[in-house]
Amino acid sequence: MKKILLGLAAMSAVSFAAVPNYGATATAGTNVFQTGQNGKIAVTGALTSTIPVVKYVVFASTDGTTADDTLALTTFTLSTDSVKNVFEDVNPKVYVKRVNGDGNGFTNLLLSDVVEFSLERDGYMGEAAVFQNNWVQAGGKLQILPLMMLSDARIQEIANEAAKSASGILNDNGFLYVKTNNTWRAYLQPNAIFFKHTTNGILEVVADTRTTRTEYDPFNEAENKAVDTILAASEPSSGFSVLVRLR
């Protein structure tokens, strides 16, 4: 409210300003005065304020210094052998930093900068059953099944193709399964992909023991082979992103 009133006061002063009356009798404390007197001129103006805008940057890096605008993960191997069912190398991490005042680099976060991460595929965050938690702060983690790194359209193509040699394979958000009279079987490996928010503003991507969909039996040999054959040529990830926000 003060900002508005000060602005109106300045406008009024400008509207009623006039040329000094040079022929007026010299009078102390006015625009026209004489030797031995003090002159005076009124001062008008306005005050305003600005809300500081802090910019942040999110990037991928292997050392926390060299920044890349895309998180390029190493290849993840799909295997029923837990030793082989891992990334082929250490992945870059995701970092969130403050953009510096010069706008040509970054500085460390403040203690008040609380970062949260989430995941998005094909433009949506997905169901809680897919990602388990929508947003995680430091100490939290997000777990996904490997096929979720692919687009919905591509996963459906894989399911359709695999079903030609192993009938009954269905797809539900990157979860391939077969429903029979007595059991449910699924395309599952020992490990899943974890996005671990280890330190505030730092996200690590690793393979770790799967804790989702534990109630399903694994595919039989023929069903596994039907899917593995399609994926053997390597599938590039698409439609998948890491989201970040400040609390």
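The values are calculated or read from the model by the stated rules, or taken from the named source; none is laboratory data. All figures in this text were calculated on a predicted structure; none of them were measured in a lab. Positions of Cβ are generated from backbone atoms using ideal geometry, with glycine treated the same way; all protein chains shown enter the neighbour counts. Protein only, heavy atoms only, side chains kept; ligands, DNA and RNA dropped before computing areas. Shrake-Rupley method; radii C 1.70, N 1.55, O 1.52, S 1.80 Å.
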If you line up the Cα atoms of segment 30-177 on their principal axes, what length do they span on each, largest first, in Å? 109, 31, 24
Within the set Val32, Val178, Val57, GNM on the chain using Cα springs under 10 Å gives the largest fluctuation to Val32
Using 10 Å bins from zero, what percent of all Cα-Cα pairs in segment 105-247 falls into each bin? 11, 37, 31, 14, 6, 1
Measuring with a 1.4 Å probe in the full set of protein chains, what accessible area per residue, in whole Å², belongs to the chain? 61
Only four residue types carry charge here, +1 at the Cβ of Lys and Arg and -1 at the Cβ of Asp and Glu. Report the dipole size of the chain about the Cα centre in Debye, rounded to the nearest 20. 1420
What's the ranking of 241-247, 41-47, 186-192 by average number of surrounding C-beta atoms within 10 Å, highest first? 186-192, 241-247, 41-47
What number, rounded to the nearest 500 deg cm²/dmol, is the helix-based mean residue ellipticity at 222 nm of the chain, given -39500 (n - 2.57) per DSSP H run of at least four residues and division by all its residues? -5000 deg cm²/dmol
Could you order Lys179, Lys196, Lys141 so the one with the most accessible surface comes first? Probe is 1.4 Å. Lys179, Lys141, Lys196
For the chain, the spread of Cα positions along each principal axis, largest first, Å: 110, 36, 28
Quick check: at a probe of 1.4 Å, how many percent of the accessible area of the chain sits on carbon and sulfur atoms? 53
For the Thr50, Thr199 Cβ pair and Förster radius 41 Å, calculated FRET efficiency rounded to 0.05 is 0.80
Give the Kirkwood hydrodynamic radius (Å, one decimal) of segment 181-247, defined as one over the mean of 1/r across all pairs of different Cα atoms. 15.0
Segment 26-90 - Rg and Dmax from Cα coordinates, angstrom: 35.4, 102
Of the convex hull enclosing the alpha-carbon atoms of segment 188-227, the direction-averaged projected area in nm² is 3.6
